[in-house]
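Trainee: Here it is, the structure in full.
The values are calculated or read from the model by the stated rules, or taken from the named source; none is laboratory data. Everything quoted here is computed from the prediction, not taken from an experiment. Because the Cβ atoms are built from the backbone with ideal geometry, glycine has one as well, and the counts that use them run over all protein chains shown.
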Amino acid sequence: MSAAALDGNITLPGVFGPLKGANGNARITGPCGDTMEFWVKIQDERILRCTFTTDGCSDSVACGTAACTLASGAPESVAFSLEPADVLALIPGLAEESKHCALLAITTLRAAISDYRKNHCPPEACSSCEKKCSSRKETTSPVQTAPNGLSRVKHKIVVLSGKGGVGKSTVAAHLALSLSAKGFNVGLLDADLHGPSIPTLFNLSGTHAEMFGDTIEPVRAGGVKLMSTGFMLEHPDQAVIARGPMKIKIIEQMLKEVNWGDLDYLITDCPPGTGDEPLSVCQLIGSPDGAVIVTTPQEIAAADVRKSVQFCRKIDLPILGILENMSGYTCPKCGETVHLFGKDGGFKTAEKYNIAFLGRIPIDPNVGICGDAGQSFLQKHSGSAAAQAFETAVEQIGVAVRGSFS
């Protein structure tokens, strides 16, 4: 990577660039969008040399350099135990808004060391080894540990989408309402911190969640327990401005400190994409039953769905199926169906990756009207083609999760 790719005024350090002979490597993109890659050469449990690259600014380069300086020559266990504060101690005066670069540097360094351990430690050594590394967790999924707040939740489903605007939040809300109507105890977590839609969809905009001691009481509507950052804001139009570590903390709070109680299902509406929030939800929620991926038919949406599929497979998250939303509009007067957003993008993706296809939800203007009014489309228009298609999808999800809803 050239200096120009970073900043024309940066003089790259001697530890910048790939390391020949490295036996550990990791690359991580932080919530700020900067990507760091670290290489380590480890021998006799000591870091002989450490190098890195980043596509970030001068502060990112400074933090990467400091991490390499601290790690090079250090015992492997000491290097793995380094904290962001150790990096910041070498860079006095670093702006507050750039301190996340230190966290990214340390996280990537640890991942590179874990990569070495995973490939060079014999499996039988794990039982007596006290090192913390990814190889010790090889026998379990990276989404295994459930926080105490979810100990009484039977099934956990995450709703994902590769891009925004495909109706993911509406699908999540309808899934929760449909399950509740079937007699299940249901919770719905809105993990879209910057664009919470659940309060509006349930006609609860401006409602605030109450706290009793250290416990947050979920808001209740339509027989569903709800939690969203929208219930924590002073007013509905307030912007949530937060970086990665703070966002993870908010998600953790909504999972651990909310009185979810006894639930048959917890549905989590994740923000679009494959970034910090979806990853944090899947890691914190503890062994989700699977993901429902929502898309629209056109290729530009289907292309991002393919990324969501790879995201799920990378973190060992089962995929319950792909749901194609906004799939054609049928004129109520002449009966002709027009495919406004193309056709079969979700179906073809499901077929390509051998994933269950949950069906096509046709465009119905009443979905948007009910959503804006905070009304249940499934109740008000239960006989519509869209409502029936959605109920069929819910049945398929139920079969995938627990065999049936009977």
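Trainee: Tell me which helices (runs of 4 or more DSSP H) are completely within segment 351-406 and hold 1 or more residues being on the phi < 0 side of the Ramachandran plot, in contact with a Gly (Cβ under 6 Å, 6 or more places away or on another chain) and surrounded by fewer than 18 Cβ atoms within 10 Å (Cβ to Cβ), or say none if there are none.
Mentor: Counting at least 1 such residues, we get 385-402.
Trainee: Name the residue, out of SER197, SER287, SER228, SER280, that is surrounded by fewer than 18 Cβ atoms within 10 Å (Cβ to Cβ), within 22 Å of the chain's Cα centre (by Cα) and either hydroxyl-bearing (Ser, Thr, Tyr) or not assigned by TED's automatic domain parsing to the domain that holds SER178 (or both). Talk me through it step by step, then tell me what you get.
Mentor: Working: SER197 fails: surrounded by fewer than 18 Cβ atoms within 10 Å (Cβ to Cβ); SER228 fails: surrounded by fewer than 18 Cβ atoms within 10 Å (Cβ to Cβ); SER280 fails: surrounded by fewer than 18 Cβ atoms within 10 Å (Cβ to Cβ).
It is SER287.
Trainee: Something else: Here is a list of conditions, (1) at pLDDT below 85; (2) closer than 27 Å to PRO199 by Cβ; (3) touching a Leu at 6+ places or on another chain (Cβ under 7 Å), and LEU323 meets all of them except one; can you say which number that is?
Mentor: (1)
Trainee: Oh, and also: For segment 210-239, which residues satisfy the criterion of being out of contact with any Gly (no Cβ under 8 Å at 6 or more places or on another chain), at pLDDT below 85 and not in a strand (DSSP E or B)?
Mentor: The answer is GLY213, ASP214, GLY222, MET232, LEU233, GLU234, ASP237, GLN238, ALA239.
Trainee: Take the residues of segment 357-394 that are within 16 Å of ALA302 (Cβ to Cβ) and aliphatic (A, V, I, L, M): which is modelled with the highest pLDDT? It would help to see each step written out before you state the result.
Mentor: Initial filter on segment 357-394 (within 16 Å of ALA302 (Cβ to Cβ)): 357-361.
So of that shortlist, the ones also aliphatic (A, V, I, L, M) come out as 358, 361.
Values: LEU358: 88, ILE361: 84.
Among those that are within 16 Å of ALA302 (Cβ to Cβ) and aliphatic (A, V, I, L, M), it is LEU358.
Trainee: Out of (1) part of a helix (DSSP H, G or I); (2) in contact with a helix residue (DSSP H, G or I) (Cβ under 6 Å, 6 or more places away or on another chain); (3) surrounded by 22 or more Cβ atoms within 10 Å (Cβ to Cβ), what's the single condition that is false for VAL294?
Mentor: The failed condition is (1).
Trainee: If you take the residues in segment 252-277 that are assigned to a loop (DSSP other than H, G, I, E, B) and more than 17 Å from the chain's Cα centre (by Cα), which one is nearest to LEU189 (Cα to Cα)? Walk me through it before giving the result.
Mentor: Initially, segment 252-277 is screened for residues assigned to a loop (DSSP other than H, G, I, E, B), giving 257, 259-262, 270-275.
Filter once more, keeping what is more than 17 Å from the chain's Cα centre (by Cα): 257, 259-262.
On the way: GLU257: 13, ASN259: 12, TRP260: 10, GLY261: 14, ASP262: 15 Å.
Among those residues, the one meeting the criterion is TRP260.
Trainee: Report yes if TYR329 is within 25 Å of the chain's Cα centre (by Cα) and of a type in the set (Ser, Thr, Tyr), otherwise no. Break it down into steps so the answer makes sense when it comes.
Mentor: Numbers: within 25 Å of the chain's Cα centre (by Cα): no; of a type in the set (Ser, Thr, Tyr): yes.
No.
Trainee: Sticking with this one: Is it true that some residue in segment 171-179 is in a loop (DSSP other than H, G, I, E, B), within 25 Å of the chain's Cα centre (by Cα) and modelled with pLDDT of 85 or more?
Mentor: Within segment 171-179, the subset in a loop (DSSP other than H, G, I, E, B) is none.
No.
Trainee: Just to verify a result, which residue in segment 338-350, among those that are surrounded by 17 or more Cβ atoms within 10 Å (Cβ to Cβ) and of a type in the set (A, V, I, L, M, F, W, C), is modelled with the highest pLDDT?
Mentor: Out of the qualifying residues, it is ALA350.
Trainee: Confirm whether THR53 is in a helix (DSSP H, G or I), modelled with pLDDT of 90 or more, surrounded by 18 or more Cβ atoms within 10 Å (Cβ to Cβ) and not charged (D, E, K, R).
Mentor: Values: in a helix (DSSP H, G or I): no; modelled with pLDDT of 90 or more: yes; surrounded by 18 or more Cβ atoms within 10 Å (Cβ to Cβ): yes; not charged (D, E, K, R): yes.
For THR53, the condition - in a helix (DSSP H, G or I), modelled with pLDDT of 90 or more, surrounded by 18 or more Cβ atoms within 10 Å (Cβ to Cβ) and not charged (D, E, K, R) - is not met.
Trainee: Can you name the condition, by its number, that MET246 falls short on among (1) touching a His at 6+ places or on another chain (Cβ under 8 Å); (2) without any contact (Cβ under 8 Å) to a residue 60 or more places away in the chain; (3) part of a helix (DSSP H, G or I)?
Mentor: (1)
Per-residue answers, yes or no, for (1) at pLDDT 90 or above; (2) surrounded by 15 or more Cβ atoms within 10 Å (Cβ to Cβ); (3) over 24 Å from ALA400 (Cβ atoms):
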residue	(1), (2), (3)
PHE80	yes, yes, yes
GLU96	no, no, yes
ARG117	no, yes, yes
SER134	no, yes, yes
THR145	no, no, no
LEU150	no, yes, no
VAL159	yes, yes, no
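Trainee: Can GLN310 be described as in the same structural domain as CYS282 (by TED's automatic domain parsing), in a helix (DSSP H, G or I) and either in contact with a strand residue (DSSP E or B) (Cβ under 7 Å, 6 or more places away or on another chain) or at pLDDT 80 or above (or both)? Spell out how you get there, then give the answer.
Mentor: Working: in the same structural domain as CYS282 (by TED's automatic domain parsing): yes; in a helix (DSSP H, G or I): yes; either in contact with a strand residue (DSSP E or B) (Cβ under 7 Å, 6 or more places away or on another chain) or at pLDDT 80 or above (or both): yes.
So GLN310 fits the description; yes.
Trainee: Now for a different question. Report whether or not GLY164 is outside any loop (DSSP other than H, G, I, E, B) and in contact (Cβ under 8 Å) with a residue 12 or more places away in the chain.
Mentor: Numbers: outside any loop (DSSP other than H, G, I, E, B): no; in contact (Cβ under 8 Å) with a residue 12 or more places away in the chain: yes.
Here the answer is no, as GLY164 does not meet what is asked.
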